[in-house]
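A short worksheet on the structure shown next.
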Amino acid sequence: MSTAIRLRGTGSPRAGAARRAGSPPLQPEEEHEFWALLNQVRDTMIRLRDREVRHLGITSMQGGVLWVLRTLEKEGTPATPAEISRRLFRQPPTTLALLDRMVRLGLVATASVAGRRQVLVRLTDEGRETYRALARQREVIPRVIASLSAEEMRQLRSAPPPPRGAPPGGLGGRALPPPPGRGLEELVSGPPDA
C-alpha cells in the first residue's frame, strides 16, 4: 500500500511522494521533483531559522549543536563529535569544523579523555545561556508547522520514517539513536542516507 502526500494547491497526490515496499518505481522526473521540494522546504526553514537566531550571534546549525549537547546531557550520553555528527546527520569533518568555530566563540569546550583517543564536548556557561535564549526564540519553525492543515500533518505523520543508519559515508555503519521526537524538520530533511 502506498502513502501519498498531497502538495498544497495540486489537489492530487504525487505518485511516489512516499513509497512503501511493493510500490511501482518513481519516474525520474517525479523523483527529482519530490527531492527538490523536500530540499526547498529544508533550505527555507534553515534560512528562516538562521535569520531568527542571528541576533544571538549563532547560526541555526550552531543552535542545533547546542540542542544536541543539551539533549545528550539530559540523557546522560557522552557528547563526542561522532555522536553529535550522527544526531545532526552531518559528516564528522563538517561537525569538527563547526565545533572548532564554537570553541572559538566560547559556546563549547572540549576535553580529551585520559588514556583514550576520545574527545568529549560540553556546553560552557555562555553556551548554556545561548541555548536558553535559543529555546525561547522559537517562532519560525512553529509558524511553518502551524501553516500545515490537519490532513497534511496526518499525512506527514503517517509517512514511513526515514531509514535509521549512518549518514552518507560513515560512522562505521552504526545505527543512529532515535531522536527525542519525530518532527517536521526530520521528515522534510529526507533520509540520512539519501
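Since every read-out is calculated from the coordinates, none of them should be taken as a lab result. Just so it is clear, the structure is predicted and the values come from calculations on it, not from any experiment. Note that we place each Cβ from the backbone using ideal geometry, even for glycine, and neighbour counts take in every protein chain shown.
Quick look at the values:
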item	result
Label-to-label distance, nm, for residues given as residue 149 and residue 36 (7 Å Cα→Cβ offset)	2.4
Residues with amide H under 5 Å from that of residue 124, placed H, sequence gap 5 or more	108, 109
Order by protection proxy (mean Cβ within 10 Å, highest first), peptides 98-105, 32-39	98-105, 32-39
Dipole magnitude (debye, nearest 20) for the stretch 69-165, charges at Cβ of Lys, Arg, Asp, Glu	160
Simple label model, 7 Å out from Cα along Cβ direction - residue 55 to residue 113, nm	4.0
Mean separation of Cα contacts under 8 Å (6+ apart) over length of the stretch 28-160, as relative contact order %	24
